[in-house]
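Engineer: The following block contains the structure, expressed as structure tokens.
The values are calculated or read from the model by the stated rules, or taken from the named source; none is laboratory data. The shown structure was predicted, so the numbers you read here are calculated from the model rather than taken from an experiment. Ideal geometry is used to build each Cβ from the backbone, glycine not excepted, and the neighbour counts take in all protein chains shown. When the accessible area is computed, the model is the full protein with side chains, heavy atoms only, and any ligands, DNA or RNA have been set aside. Shrake-Rupley method; radii C 1.70, N 1.55, O 1.52, S 1.80 Å.
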There are 6 protein chains.
Amino acid sequence: MDFVGKKMLVVSAHPGDLLWRCSGAVAKHVQLCGEVQAIVLTYGVGGEANELIEAGMTVQEAKEERTRALKKAGDILGISNLELWDLNDYRFEITQDKTYKLAKYLRICKPDIILTHHGKDILNPDHGVILDYVNMAMEVAGGKGIEIEGTVPGFKRAPIFCFEPHNAESNGFVPTLFVDITDVIQKKIDAMATFELKKSLAASYLERASYRAVNARSFGRGKCKYAEAYAAVYPVAQDGYFVY
Amino acid sequence: MDFVGKKMLVVSAHPGDLLWRCSGAVAKHVQLCGEVQAIVLTYGVGGEANELIEAGMTVQEAKEERTRALKKAGDILGISNLELWDLNDYRFEITQDKTYKLAKYLRICKPDIILTHHGKDILNPDHGVILDYVNMAMEVAGGKGIEIEGTVPGFKRAPIFCFEPHNAESNGFVPTLFVDITDVIQKKIDAMATFELKKSLAASYLERASYRAVNARSFGRGKCKYAEAYAAVYPVAQDGYFVY
Amino acid sequence: MDFVGKKMLVVSAHPGDLLWRCSGAVAKHVQLCGEVQAIVLTYGVGGEANELIEAGMTVQEAKEERTRALKKAGDILGISNLELWDLNDYRFEITQDKTYKLAKYLRICKPDIILTHHGKDILNPDHGVILDYVNMAMEVAGGKGIEIEGTVPGFKRAPIFCFEPHNAESNGFVPTLFVDITDVIQKKIDAMATFELKKSLAASYLERASYRAVNARSFGRGKCKYAEAYAAVYPVAQDGYFVY
Amino acid sequence: MDFVGKKMLVVSAHPGDLLWRCSGAVAKHVQLCGEVQAIVLTYGVGGEANELIEAGMTVQEAKEERTRALKKAGDILGISNLELWDLNDYRFEITQDKTYKLAKYLRICKPDIILTHHGKDILNPDHGVILDYVNMAMEVAGGKGIEIEGTVPGFKRAPIFCFEPHNAESNGFVPTLFVDITDVIQKKIDAMATFELKKSLAASYLERASYRAVNARSFGRGKCKYAEAYAAVYPVAQDGYFVY
Amino acid sequence: MDFVGKKMLVVSAHPGDLLWRCSGAVAKHVQLCGEVQAIVLTYGVGGEANELIEAGMTVQEAKEERTRALKKAGDILGISNLELWDLNDYRFEITQDKTYKLAKYLRICKPDIILTHHGKDILNPDHGVILDYVNMAMEVAGGKGIEIEGTVPGFKRAPIFCFEPHNAESNGFVPTLFVDITDVIQKKIDAMATFELKKSLAASYLERASYRAVNARSFGRGKCKYAEAYAAVYPVAQDGYFVY
Amino acid sequence: MDFVGKKMLVVSAHPGDLLWRCSGAVAKHVQLCGEVQAIVLTYGVGGEANELIEAGMTVQEAKEERTRALKKAGDILGISNLELWDLNDYRFEITQDKTYKLAKYLRICKPDIILTHHGKDILNPDHGVILDYVNMAMEVAGGKGIEIEGTVPGFKRAPIFCFEPHNAESNGFVPTLFVDITDVIQKKIDAMATFELKKSLAASYLERASYRAVNARSFGRGKCKYAEAYAAVYPVAQDGYFVY
């Protein structure tokens, strides 16, 4: 498929998810001449930012630090629009307001492909609700009878791919597709490095990329050294023929 | 993906399976300048040919009629090599001999993609064992230490796509990919028509193709009128990026 | 089982669902001398009525048109009480108020059998929550300690059967029962025809009924020409013996 | 459904399975004026008869004791034809000969309903293969092109219901139907008592019948005191309407 | 593993759940010199207390009777702290307030192991949401950036074990562990007896304990006479080696 | 649990499986004063030894090299009895002879715990049948009525734990238990190094052990640096209480 000019939208629960889980695919999408936008739903100060709180920051300081680091990572990856929505983590609850807010974004952005969380994460329930949230917002965006200020009703559903949770098998995550990120691995490494106090987590996700490349090679991508695993929410249909 | 010169191998339990279940994809592969070979493992005289037996044919006459019709269908579809192996249906049992026979074919044919049955069909157990048979033969074909006369050891695994059984949901068949066969639907109709006494079955599979197009349109293939449903056995990896 | 005088309650998310998904069973229930009541939870103006909005109607006009058409369909099918609740689609959220409203209806109606949506529809999340909504309302209706004005506490659970979503396999829908609607197919056709701008959808559901008859014949209903597929939520127990 | 004159065929791996797992349904079928035939595939001397071997019997004596007890149980239950096939347990392997032997029986018996084992029993692999065996034999029996001495080719598939294995959940057994055996519980008790050295096992299956009645009552069979649990292999279709 | 001084926390939807589903494990934990605390989220007056309402009590009287009986049962079992939270059953909805209330309890209690409901109960939807509620509260409790009055931020996740719902297989409950309660069965019997009008339910759960012992013996606990079944939410990891 | 003097039996399809998949647990078992025996069913010359064939060895030379390396690895790990059975890989077929051969071994060895393959490996069907083979052999070993020369009839089932296949999620492998191998990681490294031409595979399994430690830490094993993942075939019952 040709991705020149195609828009990818990433919707992540917390700032770090964008980096650990899909920054390789983001960088590759830019390399393939596509455009990437990202919405980070919360600052993750409830839990993801534990290391900043432990280092003595206030919640407000942690938000500022995350903003700084994430903007830097966005620049490294080539994300054209990155928004931090401050919707409150721990616990992220789907509401009508939040749904319409994302639906509005979808109608304006018109993404061709969406990356977001898998529907289950037993050690991080916030992650598990995001897929429902995105899916519901797509439904609302598509409704011709639904008025949202500043938008024209209607939206063509984009295919959703879920990036992997921390403990894949325990969350029923089964990869249906591997993205080869060998060529852009340095960008992933650099992006992850912007979270300066999470070095060991960054190392473990580099190792994960190497493990996912073992899978990718098993299934025919012979020279892959680093990969990210994804699970498609919908069957393949737009292409119209076999892909493997 | 580019399919020019790529080899597709179909392995079907009975002659009719080739027509009802995947003749659209076969015709499309030829249209895309690929090559198609097909192995029909049995004559289906145990059960698939019931209508011929009921019409008064002997088992031997039924075999001849199936050969005649299938060759004609193969010509319509553009299959370059079509073999009828007479391995005995009802019941098809996996044996060492049969496994090596297919492994030999695989080493010589070197297919890039394989179409075969889904791993479960509660109303036709013969269908349900073919996937294991093909998978085992691929393993044997790939073994460097395994000698089969007339072949060089080694084989690069080809991705397998399963076509759909008669009662999809009751057999746990979940389509992961829809092939748009709108452009080649006439070839499928003509190929199915070679089985002259199975007109109502042919009609029901045309209807099925129309139903599968409803699915394909739902998932983004807007103008599809006829489709075939497939389930990939392996995750997507060779392509290296998102496909949908 | 004898259905004379037995009450069927249909709970559908949007007006059209009542027609595409279960109008055959509704008509047959009436034919079997049972009574049918139906609650349509929303007008579907968020999305199901897209074709009316596109044709230039306001949301209010669309609601009136749906009311008109649905009442006509209800008459064709012989529904004794049909209510349109206007509970807001896209997104349908379960609340205490809505739960008690349905619980009240249940206590008064005392249905013997309930038809509603399957618990998952990835392209229409509204559909996916209705089963939980109905189930929760049954629980509330059954509570002896729960006062709802105008009702006597208590309710005997009715068996729930889910009609099929748009893309069955992709939503994990597995039919456990086929209702033969051959004798009442004209009523289904006429009921669907009341939605005058949805002719192609009606055609596709007629085709679906034909496909479901293929399934029904496979499993022993020899002369079935049209069928609807359902998934039972509870195991069979009231009957006390084998049924097939 | 009306079971007068309807033939039930039970196919069990070992003699005791007939008693513990489905003797209630057998007795009820006779009570409903149906006919029951039973094939016990092996004497169970590999393992089921451990208590006889421990009591000092030879394998041959154990076979005779089982024959005696089982015939007595068959008389209590009203089984019209009971055959012990001596096909070797531990390990029961499906072969062409065995498949044709059962296919022949099926063509002559023409059962309307079949009871047999569930497809998985991790503590007794012999149980787990019987469903495949029965299913394969039905396929062979149905083949118009398959000659078996003394039979006319052809067979109309009968619905299969699986009785429950020893540890239901660990084997993926999910009941889809409960048979109320309250009225015939004494026959089940008496039949189980013919295995004189298995008193505690008989007691545990009586307790199981009481537990299954808890399930049956939950799902609407209000006065049930004893039940047996079954899982249907096929969806309900012959009946043509809802059953619950 | 050594349970001396280890804290078990039980979170149950209704008072009776604590008795029927896990009182054996509770009594055994005390016997092993551990400490048990229990939170009963609602009085169960919506439905569990139906027999009290039917006997003529008001809702308030039913609450008092449940408090009396449950305190008595808690004493029998040796529970060190038992709280009845009155959070409203039928329908139990997860809210921010309730989540923080439990999170606060968790931070103060610091349990080593948690027992609660399985995530699905089709006949009692209230049961099905408690696992999500507990899991979410653990997430909130663990967040270093989340202030809850009277607590120090942070919490080390405790392993969760789900006790069994009323109809195990119909709710997808698969036991992963059996607790042998033979030595403490009298305490379970006495605790259940405090609900004086639920004698037959108590009898059925005693029978269930006997059935679960059949399972436990099958899997190697030779002398077990009574057991309770549990499903672990997380894999075994703390122990660091095989357990069986 | 106490493992002093407890016997572990490993049954692996090919020589390398013993090293990549469970050598950490083997070394730890020895460290815990248990005894380990291992049966390697085939030399793996069909496929696992591809690198030796490519390096110019004959099949016979490859067998000798594997024997040499494996014996060395066995010494490093402290395996007390290691047998190479030469049962033919690619394709490994379960037969009566092979089943009785393993049953005989089981009766004599009397293992307390068994490690073997997971029941599915789509890229290596040989792996997928071993679990059935082991389970069947246990059944045969346990039969009091089954004579095998040189043995006393009877066998107490040992719990089975499956080590992980190459592509876990694609094969439905879900870890239920993590063994912490941090203390014995050097032995695993040294054992893997005996296969001198498989350095990169050894490196990838070291990386896998590090990834599995991420899982183990997530689930409460705080200081784990290397782990192996296992899936229990049976529920936990022997222990009689909670383990986590």
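Engineer: Less than 15 Å Cβ to Cβ from A:Lys110, Lys/Arg counted +1 and Asp/Glu -1: what total charge do the surrounding residues give?
Structural biologist: Residues near A:Lys110 contribute +4 overall.
Engineer: Where in chain F are the helices, taken as whole DSSP H runs, whose Cα atoms extend 18 angstrom or more along the long axis and whose Kyte-Doolittle mean reaches at least 0.0?
Structural biologist: Flagged H segments are F:125-142.
Engineer: At the nearest 100 Å², what buried accessible area, both sides summed, do you get for F and B when the probe is 1.4 Å?
Structural biologist: 1400 Å²
Engineer: Partner chain Cβ atoms within 10 Å, averaged over the residues of A:1-13 - can you pull that number for me?
Structural biologist: If you average over the peptide's residues, the count of other-chain Cβ atoms is 1.
Engineer: Which ³J(HN,Hα) values, rounded to whole Hz and listed in residue order, are derived for segment B:86-92 from phi using the Karplus coefficients 6.51, -1.76 and 1.60 in 6.51 cos²θ - 1.76 cosθ + 1.60 with θ = phi - 60°, glycine and proline given as x?
Structural biologist: Going residue by residue, I get 6, 8, 6, 9, 6, 10, 7 Hz, with x marking Gly and Pro.
Engineer: Quick one: if the Förster radius is 60 Å, what FRET efficiency do E:Glu149 and C:Asp190 give, using the C-beta to C-beta distance and rounding to 0.05?
Structural biologist: After rounding, the FRET efficiency stands at 0.40.
Engineer: Next question. Would you mind listing the distances between the C:Ala55 label point and the same position in each other copy? Use 7 Å along Cα-to-C-beta, nm, one decimal, shortest first.
Structural biologist: Sorted ascending, the copy-to-copy spacings read 4.8, 6.2, 6.2, 7.6, 8.0 nm.
Engineer: Calculate the length of the line joining the C-alpha centroid of segment D:169-244 to that of segment C:142-209, in whole Å.
Structural biologist: Segment D:169-244 and segment C:142-209 have Cα centres spaced 30 Å from each other.
Engineer: How large is Rg/Rh for the protein assembly as shown, to two decimals, with Cα atoms and a Kirkwood Rh?
Structural biologist: 0.94
Engineer: Count, for each residue of E:65-74, the Cβ atoms from other chains sitting within 10 Å of its Cβ, then give me the mean as a whole number.
Structural biologist: 0
Engineer: Using a 10 Å Cβ count of at most 14 others and DSSP loop calls, identify the longest part of chain D lacking such GluC sites (Glu not before Pro).
Structural biologist: Formally, the longest exposed-site-free interval is D:1-146.
Engineer: If you count the DSSP beta bridges with both ends in the protein assembly as shown, what percent of them are antiparallel, to the nearest 5?
Structural biologist: Bridges in the protein assembly as shown that DSSP calls antiparallel: roughly 30 percent.
Engineer: Which of the three applies to segment A:7-232, rounded, prolate or oblate, going by the alpha-carbon gyration tensor with a ≥ b ≥ c and a/c under 1.5 meaning rounded?
Structural biologist: Taking the square roots of the gyration eigenvalues as a ≥ b ≥ c, segment A:7-232 is oblate.
Engineer: Let me ask another. What does the copy distance list look like for E:Trp85, label position 7 Å along Cα→Cβ, in nm and ordered from shortest?
Structural biologist: List, nearest first: 2.8, 2.8, 5.4, 5.7, 6.1 nm.
Engineer: Further, regarding this structure: For A:Asp75 and A:Met1, what does the FRET efficiency come to when R0 = 22 Å and r is the distance between their Cβ atoms, rounded to the nearest 0.05?
Structural biologist: 0.25
Engineer: Scan chain B and hand back the longest stretch that contains none of the trypsin sites (Lys or Arg not before Pro) lying in DSSP loops with at most 13 other Cβ atoms within 10 Å.
Structural biologist: So the longest stretch without any such site is B:1-155.
Engineer: Give me the net charge for the shell around C:Gly74: Cβ to Cβ below 14 angstrom, other residues only, Lys and Arg +1, Asp and Glu -1.
Structural biologist: With Lys, Arg at +1 and Asp, Glu at -1, the neighbours total +1.
Engineer: Would you grab the residues whose amide H sits under 5 Å from the one on D:Lys225? Only those 5+ places off in sequence or on another chain, please, with H modelled 1.01 Å from N.
Structural biologist: D:Thr182
Engineer: Placing the label point 7 Å from Cα along the Cα-to-Cβ direction, what are the distances from C:Val4 to the equivalent spots in the other copies, shortest first, in nm to one decimal?
Structural biologist: Here the equivalent label points are 1.8, 7.4, 7.4, 7.4, 7.8 nm apart from this one.
Engineer: Which chain A residue puts its Cβ closest to the axis that rotates A onto B, and at what distance in whole Å?
Structural biologist: In residue-and-Å form, the answer is A:Val243, 2.
Engineer: I'd like the carbon and sulfur percentage of the solvent accessible area for segment B:148-212, probe radius 1.4 Å, heavy atoms only, ligands and nucleic acids excluded.
Structural biologist: That share works out to 58 percent.
Engineer: Using the heavy atoms of the protein chains and a 1.4 angstrom probe, tell me the accessible area per residue for segment F:1-97 in square angstrom.
Structural biologist: 35 Å²
Engineer: Before rounding to the nearest 500, sum -39500 (n - 2.57) across all DSSP H runs of length at least 4 in chain E and divide by the residue total; then give [θ] at 222 nm in deg cm²/dmol.
Structural biologist: -13500 deg cm²/dmol
Engineer: If you plug each phi of segment A:160-175 into the Karplus form 6.51 cos²θ - 1.76 cosθ + 1.60 with θ = phi - 60°, what whole-Hz ³J(HN,Hα) values come out, in order, with x for Gly and Pro?
Structural biologist: 3J(HN,Hα) across segment A:160-175, in whole Hz: 10, 10, 9, 7, 8, x, 4, 10, 4, 5, 5, 10, x, 7, 10, x.
Engineer: I've got another one for you. Over all residues in A:21-31, what is the mean tally of Cβ atoms on other chains that come within 10 Å of each residue's Cβ?
Structural biologist: Rounded to a whole number, the mean comes out at 1.
Engineer: Related question: Two decimals is fine: what is log10 I(q)/I(0) at q = 0.28 Å⁻¹ for segment E:119-163, from a Debye sum with one equal scatterer on every Cα and no solvent?
Structural biologist: The calculated log intensity ratios at q = 0.28 Å⁻¹ are -0.96.
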